[in-house]
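The values are calculated or read from the model by the stated rules, or taken from the named source; none is laboratory data. Every value quoted in this text rests on a predicted model; they were computed, and no experiment measured them. Ideal geometry is used to build each Cβ from the backbone, glycine not excepted, and the neighbour counts take in all protein chains shown.
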Amino acid sequence: MTTNSKEWIQYSTAALMVVSGVVLSFISFFTKGDVTDGVLWYMAQGLTFAGAIFGVSVYFKTKLGESEHRIKEFINHQIKNEHETH
């Protein structure tokens with residue numbers, strides 16, 4: 001499985017959880033006139049899941065970008081020092 005398909009699956013399931021929670025909340029409200037505890041729990045779990053998916057993804061992309069930048073700086077510094085010594 002490629003990285004793009006993994007991300008697509010993650011984002012799709014996160015969006016699906018939020019949308020299903022909203023739909024379930026509306027159905028519960030319009031049929032019973034109240035949103036029950038179970039529906040609120042499901043909505044909270046959907047929001048937590050979506051937040052975790054998006055938050056972890058952004059965090060790792062940021063850290064990966066910082067690491068790549070540091071490695072490039074280190075390599076460029078080493079190359080610069082080699083040219084100065086020769």
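So here's what we get for this one:
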{"item": "Members of the range 4-30 found to be loosely packed, with under 10 Cβ neighbours inside 10 Å and either over 19 Å from I53 (Cβ atoms) or at pLDDT 90 or above (or both), listed by number", "result": "F30"}
{"item": "Top-ranked residue of the range 31-86 - restricted to ones that are among the hydroxyl-bearing types (S, T, Y) and surrounded by 10 or more Cβ atoms within 10 Å (Cβ to Cβ), ranked as nearest to the chain's Cα centre (by Cα)", "result": "S57"}
{"item": "Any hit, the range 36-48, residues being among the polar types (S, T, N, Q) and assigned to a helix (DSSP H, G or I)", "result": "yes"}
{"item": "Considering residues of the range 31-78 that are touching a residue at least 24 places away in the same chain (Cβ under 8 Å) and among the aromatic types (F, W, Y) only, the residue nearest to N4 (Cα to Cα)", "result": "F54"}
